[in-house]
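Derivation of every value follows stated rules applied to the coordinates shown; laboratory data play no part. Here the structure is a predicted model, which is why all the values come from computation and not from measurement. Please note: Cβ atoms are built from the backbone with ideal geometry, for glycine as well, and neighbour counts cover all protein chains shown.
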Amino acid sequence: MTHHELVKYSRGARWFHWTITIAALVLAVTGLFLYVPAFSSIAEGGITRVIHRVAAVIFVAAPLLFFLAKPGRSLHFVKEIFTWGKDDLAWLKAAPDYYFGGDEKKMPPQGDMNTGQKLWAVVAFFSALGFVFTGIFMWFLKDTLPAEVFDWMVIVHDLCFIVGGAMLLVHLYLGAIHPRMTESLKSMIKGKVSAEYAQSHHGKWYKEITAGEGDAKGTPGGQGEKQAH
Amino acid sequence: MRFNEVESDGDLAWLFTRRACMHCTEAGCVKVCPTKAVFHHDLGFVAYDKDKCTGCGYCVEACPFDVPRLDGSRLTGKAKMNKCIFCIDRVTSGLEPACVKTCPPGALDFGERDAMVAKGQARVAELGGDARLYGEEELDGLHVLYVVNHSLKDHKLPVNPEVSPSVTLWQDILQPVGYGVVGVVAGGLLLNYMVARARMVKAKEGK
């Protein structure tokens, strides 16, 4: 076994990930104060509504800035999360056993993003669009909107929260807690995964980036840098 | 106050309507208020604790009479709602509300609801014609009653005021569904953790 590490996430991708994660968590918590009556006393001064708006600006600005900085990579990412095929069906079949601790050899080799990660990205993508669209109306057009339309904006905002929030819980769990995802959190902090982890969790990706290197060793800053995102 | 000039029998009529909180029994504002800053007082009216207001303005949209108003900054979202508070300090000290006290011709009266309904009905009978008592049945009974002798449209009062279905959907269905979904997901993840860890430990021991 090699002890090399492979670059999984670039510095820019990690900054983007953590910026939007923190913004999303702040938005979720400050939003919950209005959603859950038991917490609502915290929102009484109205300060949580100001914090919610500040976080919302960051939540919108982060992807825009990332897109301006790396338009090609951004588009590639969006294209990748919306590209679904029969490999994804195989993942879906194998996933329940795999995630409940079954034999990992039964899981077909995955690319740099597996089907579950793509699914999460798609849900996050659409719920973010829903949040931003309805949020803009709720923030700036409250006085101009008919009451009925405003109510529906709130309902869609809440729906995005239920779907996106539930998936965020799953994402946090799989990224940081699940016993099998030993290097997931580390890779998003430091950017690298061990070759062993890459082989067992992202076999297809490992093969791609180590192709042509003879002994199948990945080197940080090598081909992995170009293909990882 | 709202001042409506309407034509009536070829003549002009001036209708004055007190345009403040109607203190509904089925109150949209009470239903949507996240902090319960708007609530039903034991006496039946819709009381309001301004300190608890977050300024979300959901009550503004939920009110069938378009009564609550939001004062504050649109940009930061810091705001406070304003509406008639039924002179809570006065009525709980045995005094009538200020509007009743100050109304020069005595067009406003205040008392136990049953007595007011009886008085309104007597006045309606006296006026005859199209006169009716507004607020007796609307939204399970308002705590502000009007004797109206023109059409509700002329008085600019909603014919069948109701808490909008979207408010009901949002408060009575979506919120519980949200708790349910989060509960199921959290429970599922916990179960997954315990099962996955146990099986992985077992697999390791088996090697």
Open item on the list: I want to verify a result. In a Gaussian network model of chain A, Cα cutoff 10 Å, which of these has the top mean-square fluctuation: A:Leu25, A:Leu168, A:Leu145?
Closed with: A:Leu145
Task: Lone cysteines, chain B (no partner Cβ under 4.7 Å) - done: B:Cys24, B:Cys33, B:Cys53, B:Cys56, B:Cys63, B:Cys87, B:Cys99, B:Cys103
Task: Order of B:Met194, B:Met200 - criterion: other Cβ atoms within 10 Å of each residue's Cβ, fewest first - done: B:Met194, B:Met200
Open item on the list: Going Cα to Cα from A:Lys105, which aspartates and glutamates come in below 13 Å? Please leave out same-chain ones fewer than 8 positions away.
Closed with: A:Asp97
Task: Greater than 21 Å apart at Cα, pairs in A:Lys93/A:Lys186; B:Lys83/B:Lys156; A:Lys79/A:Lys118 - done: A:Lys93/A:Lys186
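Just want to confirm a number: the relative contact order over chain A, from Cα pairs under 8 angstrom separated by 6+ residues, in percent.
On the way: 221 pairs, mean separation 80.9, N = 229.
After rounding, I find 35 percent.
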Open item on the list: Based on the alpha-carbon set only, what is the convex hull volume of segment B:164-207 divided per residue, in Å³?
Closed with: 36 Å³
Task: Selected from B:Ala196, B:Ala131, B:Ala122 as most flexible by GNM, with chain B as the system and alpha-carbon contacts under 10 Å - done: B:Ala196
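Using a 10 Å cut-off around each Cβ, can you sort A:Phe126, B:Phe110, B:Phe65 from fewest to most neighbouring Cβ atoms?
Working: A:Phe126 13, B:Phe110 16, B:Phe65 20.
So the ranking, lowest neighbour count to highest, is A:Phe126, B:Phe110, B:Phe65.
In debye, nearest 20, what is the charge dipole magnitude of segment A:1-134 about its Cα centre with +1 on Lys and Arg Cβ and -1 on Asp and Glu Cβ, if you could check? Each step should come with its number before you reach the end.
Values: 13 positive and 9 negative charges, 73 e Å.
Dipole of segment A:1-134, to the nearest 20 debye: 340 debye.
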TODO: Take every Cα pair under 8 Å in segment B:9-140 that's 6+ residues apart, average their separations, divide by the length, and report that relative contact order as a whole percent.
DONE: 19 percent
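With the cut-off at 1.5 for a/c, could you classify segment B:1-118 from its C-alpha gyration tensor as rounded, prolate or oblate? Please list the in-between numbers first.
Numbers: a/c = 2.11, a/b = 1.35, b/c = 1.57.
Oblate is the answer for segment B:1-118, as a/c is 1.5 or above yet b/c matches or exceeds a/b.
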TODO: Please work out the FRET efficiency for the pair A:Lys186 and B:Gln171, using the Cβ-Cβ distance as r and a Förster radius of 35 Å; give the result to the nearest 0.05.
DONE: 0.25
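Taking the Cα centre of segment B:30-164 as origin and charging only Cβ (+1 Lys, Arg; -1 Asp, Glu), how large is the dipole, in debye to the nearest 20?
640 debye
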Task: Sum of side-chain charges, B:Gly180 neighbourhood, beta-carbon under 14 Å (Lys, Arg +1; Asp, Glu -1) - done: -2
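Would you mind ranking B:Leu142, B:Leu169 by Cβ crowding within 10 Å, fewest neighbours first?
Lowest count first: B:Leu169, B:Leu142.
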Task: Listed residues B:Tyr58, B:Leu189, B:Cys21: farthest to the positive end of the dipole of chain B (Cβ charges) - done: B:Leu189
Open item on the list: Need the list of aspartates and glutamates near A:Lys207 for cross-linking: C-alpha distance under 13 angstrom, and skip anything on the same chain fewer than eight residues off.
Closed with: A:Asp112, A:Glu196, A:Asp215
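Per DSSP H run of at least 4 residues, take -39500 (n - 2.57); add these up for chain A, divide by its residues and hand me the 222 nm value, nearest 500 deg cm²/dmol.
Working: 10 runs with 156 residues, N = 229.
Mean residue ellipticity at 222 nm (helix-derived): -22500 deg cm²/dmol.
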